[in-house]
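Visitor: If you scroll down you'll find the structure; I have some questions about it.
The values are calculated or read from the model by the stated rules, or taken from the named source; none is laboratory data. Bear in mind that the values here come from a model prediction, so they are computed numbers and not experimental data. Here Cβ is always computed from backbone atoms with ideal geometry, including for glycine, and neighbour counts include all displayed protein chains. Please note that ligands, DNA and RNA were not included when accessible areas were found on the heavy atoms of the full protein model with its side chains. Shrake-Rupley method; radii C 1.70, N 1.55, O 1.52, S 1.80 Å.
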Amino acid sequence: MSNSEDNKSSHDQLSSQVFLDLVDSVIADVASECHRIARLGLDKDLEVVEEELRLSVEARAKVADPSNNLETNTKYVVDIFGQSHPPVATEVFNCMNCGRQIVAGRFAPHLERCMGKGRKARAKATRSTTASQNRNSRRNTSDNQLSSAPPGFEENVKRA
Amino acid sequence: MYIRKHSVNRPPTPDEDVTESPERDELTLGEIINIKLVESGEKENLMELVRDRLVESGWKDEMRIACREHVKKKGRKDVTVDELIRAITPKGRASVPDAVKEELLDRIQNFIRSAAL
């Protein structure tokens with residue numbers, strides 16, 4: 001009745017068998033899955049992978065290469081969507097003050113003149129009396145504040 | 001109880017028919033264990049345990065890489081499942097982590113002992 005050793009070894013054998021059976025099942029699962037992917041071409045093709053690798057290497061080289069036409073690069077920066085933005089905005093719209101068609105890139109200088117902030121604009125604005133009163137009073141207060149202004153500035157003010 | 005085929009037209013036999021159940025002679029101990037495993041649901045538990053352990057240890061990923069290598073060699077179009085299985089089984093069996101193997105063997109042995117065989 002002391003077959004405990006026999007039992008143990010046969011138990012071991014049995015359990016090994018069961019274990020191998022389980023592992024074989026999992027292997028079959030993996031093989032089936034990979035087979036399906038391979039036949040359906042779902043996994044990246046060898047050629048496609050190589051192509052992509054080549055392209056990425058080329059792209060990286062191009063970016064790292066300093067001898068490229070940097071002038072074109074700095075003027076027309078290409079963003080990640082491949083769009084290039086000219087440094088001066090080119091869209092045209094209507095100025096809300098005077099109603100003229102203005103190029104967006106030139107809008108700020110136009111507004112200076114149009115709304116009377118700049119030098120030439122003050123000449124225009126002084127034509128209307130209320131506007132000139134406002135401007136003059138504003139100018140006086142600003143003159144007092146600007147006691148330490150450079151001489152050139154004061155000349156300009158007087159001329160205007 | 002082992003499954004016995006019942007045939008309506010079989011003439012009644014007085015005794016237990018030895019010739020009728022050839023399956024009993026053919027059933028090895030291993031098969032018996034397997035049947036018990038399945039019937040008790042333990043086989044399914046073990047399968048799930050094995051799968052989880054093999055995935056989390058990276059074994060499955062290694063196997064998939066091995067499959068991909070084989071597919072690259074043989075060409076995508078004419079690989080068969082059997083071929084793949086044959087190609088990766090030796091490596092698969094050998095590369096199971098020891099801890100996983102021990103855990104599984106332990107559980108199986110417990111089951112065998114508790115099945116009182």
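Visitor: For the range B:69-82, give me each residue that is open to solvent by 30 Å² or more (accessible area, probe 1.4 Å) and either at pLDDT 90 or above or outside any helix (DSSP H, G or I) (or both).
Guide: The initial filter retains those residues of the range B:69-82 that are open to solvent by 30 Å² or more (accessible area, probe 1.4 Å), namely B:69, B:72-74, B:76-78, B:80-82.
Within the range B:69-82, B:Arg76, B:Lys77, B:Asp78, B:Thr80, B:Val81, B:Asp82 meet the criteria.
Visitor: Can you pull out the residues in the range B:87-106 that are more than 9 Å from chain A (Cβ to nearest Cβ) and part of a helix (DSSP H, G or I)?
Guide: Result: B:Pro90, B:Lys91, B:Ala94, B:Asp98, B:Ala99, B:Val100, B:Glu102, B:Glu103.
Visitor: Out of the range B:107-117, which residues are more than 8 Å from every other protein chain (Cβ to nearest Cβ) and in a helix (DSSP H, G or I)? Walk me through it before giving the result.
Guide: Within the range B:107-117, the subset more than 8 Å from every other protein chain (Cβ to nearest Cβ) is B:107, B:110-111, B:114-117.
Listed by number, the residues that qualify are B:Arg107, B:Asn110, B:Phe111, B:Ser114.
Visitor: Cβ contacts < 9 Å: first residue among the hydroxyl-bearing types (Ser, Thr, Tyr), restricted to the range B:59-75; second residue modelled with pLDDT under 90 and outside any helix (DSSP H, G or I), any location; separation 6+ or different chain. Result?
Guide: Going by the 9 Å Cβ cut-off, there are no qualifying pairs.
Visitor: Of the residues B:Ile3, B:Ile88, which single one is at pLDDT 90 or above and not small (Gly, Ala, Ser)? Steps first, answer last, please.
Guide: Working: B:Ile3 fails: at pLDDT 90 or above.
From the options B:Ile3, B:Ile88, the qualifying one is B:Ile88.
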